[in-house]
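Visitor: Mind having a look at this structure? Questions to follow.
Derivation of every value follows stated rules applied to the coordinates shown; laboratory data play no part. This is a predicted model, so every value here is computed, not measured. Counting neighbours? That spans all protein chains shown, and the Cβs are built from the backbone with ideal geometry, glycine included.
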Amino acid sequence: MKKRLLELAEKYGTPLFILDHNRIRANYRMFKKNLPRVQCYYAVKANSNQEIIKTLFNEGSSFDVASYNEFMQVHEYIKHFKKNEKHFYIWDKIIFSNTIKDRDTLRRIRRYRPLVTYDNLDEVKKIKEHCNTAGLVLRLKVPDIGSQVEMSSKFGAEPAEAYDLIRRASEMGLSVEGISFHVGSQCTNFDNYTSALEITSEIFHDARKKGHALNIIDIGGGFPVSYDSQVPRFEKLAAVLNAEFKRLFPDDIEILAEPGRFMVANAATLVTEIIGKARREGKIFYHINDGVYHTFSGVVYDHWIPNFKSFRQGAREVCAVVGPTCDSFDKISQSVQLPRNLEIGDYLYTENIGAYSIASSTRFNGFEGAKIKHIY
Ligand SMILES: Cc1ncc(COP(=O)(O)O)c(C=O)c1O
């Protein structure tokens with residue numbers, strides 16, 4: 001594999017983001033195999049590269065979109081469908097999981113009868129005014145303890161308000177279809193999922209008893225990626241979830257999930273090049289041609305700790321790896337064990353960098369970011 005990475009770096013130049021679509025397909029199939037009751041909506045935000053959407057579309061995936069533009073990226077593959085088929089596809093296989101949607105977006109998607117999430121009364125009023133064709137899914141605030149990226153401080157209705165939000169939306173003539181949550185991204189504490197399902201089930205059964213025909217449970221994302229050996233296995237989580245679905249919910253409901261990271265994180269490797277080397281206060285600084293404003297943006301936004309490996313061997317010491325921009329904030333890692341004999345022109349590589357990386361890359365300082373090489 002190292003040889004192949006080197007060949008590609010030599011051929012296409014660096015920084016090079018190598019994206020393996022075989023891994024994406026394998027991740028999708030593994031997800032479906034272990035969670036057979038769950039309809040899988042790929043969360044496009046994790047990596048919105050068009051080729052990924054195409055691969056997952058061809059696998060039969062559904063999609064979670066955060067914006068009108070992400071919606072249009074999926075629409076690209078259904079634009080030739082007949083009107084009825086297209087409308088059915090959108091209803092059945094796309095969810096707008098961003099709890100706050102601007103008015104213009106709502107007006108633009110109104111004609112499709114979209115499925116959208118909400119978590120407050122002002123949003124209900126906005127949906128009523130600008131997109132009353134929508135099906136609504138109430139997003140709950142649930143525990144996200146220990147997750148790499150927490151969600152509950154910004155999203156989700158308090159469970160105590162939930163019934164009221166379902167009732168008020170129904171009274172306004174909107175159709176409430178179900179309940180959703182997100183336990184935080186890279187959730188390795190499976191108790192978050194079980195607590196969230198317990199909370200959801202109480203609200204779900206109470207609402208049904210009071211005459212609201214809810215039929216969707218959306219368990220969000222958070223499915224952990226094996227970045228290291230400490231991460232509990234996805235199969236274990238799937239077994240817990242399957243048992244909880246059976247225990248807590250009737251068979252007639254639809255269960256949705258919105259995995260982002262899980263589908264793409266391990267499908268990409270980044271090859272970078274050392275462009276400068278300096279000793280600063282005793283520590284070697286390797287300056288490379290990609291940084292936190294670019295493919296390593298996940299260090300900032302995703303709280304991700306990247307890994308670095310070298311192609312050349314040698315005695316190791318603790319080094320810093322920093323990005324190419326003029327900003328001193330552009331430090332990717334302050335302490336990484338690397339050979340001390342690496343030179344300008346040598347390559348490094350970083351695995352498992354497929355999620356929340358190029359998705360939030362900028363062009364800061366005029367650097368373009370990584371080239372993408374797709375492997376099919
Ligand atoms: C509403 C929603 N769904 C799904 C996801 C994807 O989460 P993950 O990448 O942890 O699977 C996110 C991530 O931010 C999200 O906000």
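Visitor: Using the 2.2 N^0.38 Å rule of thumb for compact globular proteins, work out how the chain stacks up: its C-alpha Rg over that value, please. Walk me through the numbers on the way to the answer.
Guide: Values: Rg = 22.3 Å, N = 376, 2.2 N^0.38 = 20.9 Å.
Output field value: 1.07.
Visitor: I want the local charge near A359. Using Cβ-Cβ distances under 13 Å, sum +1 for each Lys or Arg and -1 for each Asp or Glu among the other residues.
Guide: Working: positive: K45, R261; negative: E70, D302.
Summing Lys and Arg as +1 and Asp and Glu as -1 gives 0.
Visitor: Compute the distance in nm between two label points, each set 7 Å from the Cα along the Cα-to-Cβ direction, one at C326 and one at V231.
Guide: Result: 3.7 nm between the two label points.
Visitor: Just flag the GluC sites (Glu not before Pro) in the range 11-93 sitting in loop per DSSP whose Cβ has no more than 15 other Cβ atoms within 10 Å. Spell out each step's value before the answer.
Guide: Details: sites: E51, E59, E70, E76, E85; in loops: E76.
The qualifying sites are E76.
Visitor: Run lengths n ≥ 4 of DSSP H only: what is the helix-derived mean residue ellipticity at 222 nm for the chain, with -39500 (n - 2.57) per run over all residues, to the nearest 500?
Guide: On the way: 12 runs with 126 residues, N = 376.
Computed ellipticity for the chain at 222 nm equals -10000 deg cm²/dmol.
Visitor: Taking the number of other C-beta atoms within 10 Å as the exposure measure, put W91, W304 in order starting with the fewest. It would help to have the intermediate numbers written out before the result.
Guide: Numbers: W91 16, W304 23.
Fewest-to-most ranking of W91, W304: W91, W304.
Visitor: Follow-up question, since we're still on this one. Which whole-angstrom value gives the distance between the alpha carbon centres of the range 256-279 and the range 100-135?
Guide: 34 Å
Visitor: Let me ask something else about it. Under 14 Å from a point 7 Å along the Cα-to-Cβ line of E254: which residues of the range 192-210 have their amide N that close?
Guide: Of the residues in the range 192-210, none has backbone N under 14 Å from the label point off E254.
Visitor: Mind jotting down a quarter of the surface of the convex hull over the alpha carbons of the range 1-100, in square nanometres, one decimal? Before the final figure, lay out the partial values.
Guide: Values: hull surface 34.5 nm².
Result: 8.6 nm².
Visitor: Angle, helix 121-130 long axis vs. longest principal axis of the chain, Cα atoms, 0 to 90°, nearest 10?
Guide: With rounding to tens, the tilt is 80 degrees.
Visitor: Right, another one. Sorted by mean Cβ packing within 10 Å, highest first, what order do the peptides 225-234, 131-140, 118-127 take? Please list the in-between numbers first.
Guide: Numbers: 225-234: 13.1, 131-140: 22.6, 118-127: 18.5.
For the peptides 225-234, 131-140, 118-127, the packing ranking is 131-140, 118-127, 225-234.
Visitor: May I pose another question? Between T133 and K3, what is the spin-label point distance in nm, taking each point 7 Å from the Cα along the Cα→C-beta axis?
Guide: 5.7 nm
Visitor: Take M1, M72 and order them by how many other Cβ atoms sit within 10 Å, fewest up front. Could you put the intermediate results ahead of the total?
Guide: Working: M1 8, M72 12.
So the ranking, lowest neighbour count to highest, is M1, M72.
Visitor: Okay, moving on. With each label point set 7 Å from Cα along the Cα-Cβ vector, what nm distance links E202 and I78?
Guide: Placing both labels 7 Å beyond Cα along the Cβ direction yields 3.6 nm.
Visitor: Over the alpha carbons of the range 330-370, what is the largest minus smallest coordinate on each principal axis, giving the biggest first in Å?
Guide: 32, 24, 18
Visitor: While we're here: What does the charge count near Y227 come to, summing +1 for each Lys or Arg and -1 for each Asp or Glu among other residues with Cβ under 13 Å from its Cβ?
Guide: -1
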